[in-house]
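Asker: After the structure tokens below, expect a handful of questions from me.
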Amino acid sequence: MADMMRELKGKEIVSLNDHPEIRRVFADFQMESLDIEYQVGGADKPAVRRELIIYSWDRQAEPVGLF
């Protein structure tokens, strides 16, 4: 997936679990992490996990708007 992002002509955003191996594979890209609550199978309490948002472009140099 990281190789495909390197070859894209457009912009791509990928969201994956925040894990050291994922960070290593996508190290060439801008990333941010945030907490996500998951609730599976009727569990009483949601589990909080870190999610990694990976961007295929430099967001400071080229901000994206709606139009």
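The values are calculated or read from the model by the stated rules, or taken from the named source; none is laboratory data. This structure is a prediction, so every number in the text was calculated from the model and none was measured. Cβ sites come from the backbone with ideal geometry, for glycine too, and all protein chains shown count toward neighbours.
Asker: So, in the range 10-34, exactly how many residues are basic (Lys, Arg) and loosely packed, with under 11 Cβ neighbours inside 10 Å?
Answerer: The qualifying residues number 1.
Asker: List pairs: first residue in the range 45-67 and under 13 Å from LEU16 (Cβ atoms), second residue surrounded by 10 or more Cβ atoms within 10 Å (Cβ to Cβ) and of a type in the set (Ser, Thr, Tyr) anywhere in the structure, Cβ distance under 6 angstrom, at least six positions apart or on different chains.
Answerer: ARG49/TYR38; ARG50/SER33; GLU51/SER15; LEU52/SER33; ILE53/SER15
Asker: Sticking with this structure for a sec: Would you pick out the residues in the range 6-57 that are among the polar types (S, T, N, Q) and part of a loop (DSSP other than H, G, I, E, B)?
Answerer: GLN39, SER56
Asker: All but one of (1) modelled with pLDDT of 95 or more; (2) more than 18 Å from VAL64 (Cα to Cα) hold for GLU37, so report the exception by its number.
Answerer: Looking at each condition in turn, GLU37 falls short on (1).
Asker: Related question: Is there a residue in the range 37-52 that is hydroxyl-bearing (Ser, Thr, Tyr) and under 13 Å from the mean Cα position of the chain (by Cα)?
Answerer: For the range 37-52, residues hydroxyl-bearing (Ser, Thr, Tyr) and under 13 Å from the mean Cα position of the chain (by Cα): absent.
Asker: Among the residues of the range 6-34, count how many are among the acidic types (Asp, Glu) and closer than 20 Å to VAL64 by Cβ.
Answerer: Total meeting the criteria: 4.
Asker: So which residues in the range 35-47 are of a type in the set (A, V, I, L, M, F, W, C) and either in contact with a Ser or Thr (Cβ under 9 Å, 6 or more places away or on another chain) or surrounded by 10 or more Cβ atoms within 10 Å (Cβ to Cβ) (or both), if there are any at all?
Answerer: ILE36, ALA47
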